[in-house]
Amino acid sequence: MILVVRKNSTLDRHGDYIRDKVNRGFLSHEHLDRLSRAHEEHYKTFEDLMESLAKAKLPFQEVHRDEAWPSLDSISYVITVGGDGTVLEASHHISNADVALIGIKSSPSSIGYLCYKSGSQISELISELKLDQLSLIQVSRLNATIHRVKDGQSFVSNPVLNDFLFTAANPAETSRYRITLGSNQEVQKSSGIWIATAAGSTAAISAAGGSIHPINDPNFQYLVREPYASPGKSFKLVGGNFHPEHQKFELENLVDQGILALDGHHGILPLGYGDRVVFGSAPSLKLARSM
């Protein structure tokens, strides 16, 4: 069974506002034209996929990415229609390493680093599905165990495919925390810390100065953003590779209100003063990927 995951376009979500801004001269007609073109391309890709699956007699069901998801017990493939954001959202729902995630980039304007095919390649995808010839790799993921000081409870986050961002809840506030890597500890001030997988190494952590890893690299990396040390002092734990099986990686929040963001805006976990976050390996993900 195949589960198809769809999303709404930008025009679906903000069309009335954008058209009003265009009519009042605050946005260009070219801007609206680009969004309209992307909207049409997105829905054409979705409709082409639905028709192709039905014609090939491949059983499927669909779900909106923001709706309650069905059980994946009988699902072998999850196909997303959109861009990297839809792939990331879908990845949070997949805990079974046997379920393959297949991203379709529905418009040339979408970001599709994690996608496997484009809208013009649906016939190729259908052939590969029928012949069981998908190009699949196992990619590493991270999770975070949150230990709450207030009530003594602990819980584990959804797995992330790209990255976590730890920071103060107010982005203008200095983040204060204790970082532990293996046997080393430091109390630091900065604007936060990126903690990324190999798949996420080309995303935000790379823009912040991190290194790019092969997508199937089992190691993870962290990078302190804009570290602030007292005059004459410096921090040692400002970035590098780690693996939870070999080195404990932990953050203790030392601001009144902190957050841990999962894959950008795909999850926010609030943190109180003294809450600890321990990062660990999550079940790997079977991702359709042309290498």
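FYI, it's all coordinate maths here, none of it is from the lab. Since the model is a prediction, treat every value here as computed from it, not as a measurement. Cβ coordinates were reconstructed from backbone atoms using ideal geometry, including for glycine residues, and neighbour counts include every protein chain displayed.
At a glance:
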| quantity | calculated |
| --- | --- |
| FRET efficiency, residue 183 to residue 235 (Cβ-Cβ, R0 25 Å, nearest 0.05) | 0.95 |
| Dipole magnitude (debye, nearest 20) for the chain, charges at Cβ of Lys, Arg, Asp, Glu | 500 debye |
| Net dipole in debye of the range 141-282 [+1 Lys, Arg Cβ; -1 Asp, Glu Cβ; about Cα centre; nearest 20] | 260 debye |
| Among 8, 88, 103 - extreme Cα towards positive end, dipole of the chain, charges at beta-carbon | 88 |
| Ranked 150, 286, criterion: other C-beta atoms within 10 Å, fewest first | 150, 286 |
| Charged-residue dipole, Cβ positions (Lys, Arg, Asp, Glu), the range 216-291 about Cα centre, Debye nearest 20 | 220 debye |
| Distance between the range 55-134 and the range 146-222 - C-alpha centres, whole angstrom | 27 Å |
| Beta bridges per DSSP with both ends in the chain, % antiparallel, nearest 5 | 75 percent |
| Approximate spin-label separation residue 290-residue 24, in nm, with each point projected 7 Å along Cα-to-Cβ | 4.4 nm |
| Residue (of 172, 253, 234) at the positive-pole extreme of the chain, dipole from beta-carbon charges | 234 |
| Candidate aspartates and glutamates - alpha carbon under 19 Å from residue 150, same-chain residues fewer than 8 apart omitted | 250, 252, 256, 275 |
| Computed over the range 4-56, the ratio Rg/Rh where both radii use C-alpha atoms and Rh is Kirkwood | 1.15 |
| Of 55/117; 55/286; 7/130; 21/105; 44/117; 44/286, pairs whose Cα-Cα distance is over 23 Å | 55/286; 7/130; 21/105; 44/286 |
| Candidate lysines for bridging to residue 233, where Cα separation is under 19 Å - those fewer than 8 sequence places away on the same chain excluded | 189 |
| Furthest towards positive pole of dipole, 281, 77, 206, structure part the chain, Cβ charges | 206 |
| Cβ crowding within 10 Å averaged over residues, with 262-274, 29-41, 104-116 ranked highest first | 104-116, 262-274, 29-41 |
| Gain upon complete extension [residue 219, residue 109; 0.36 nm per residue less C-alpha separation] | 36.5 nm |
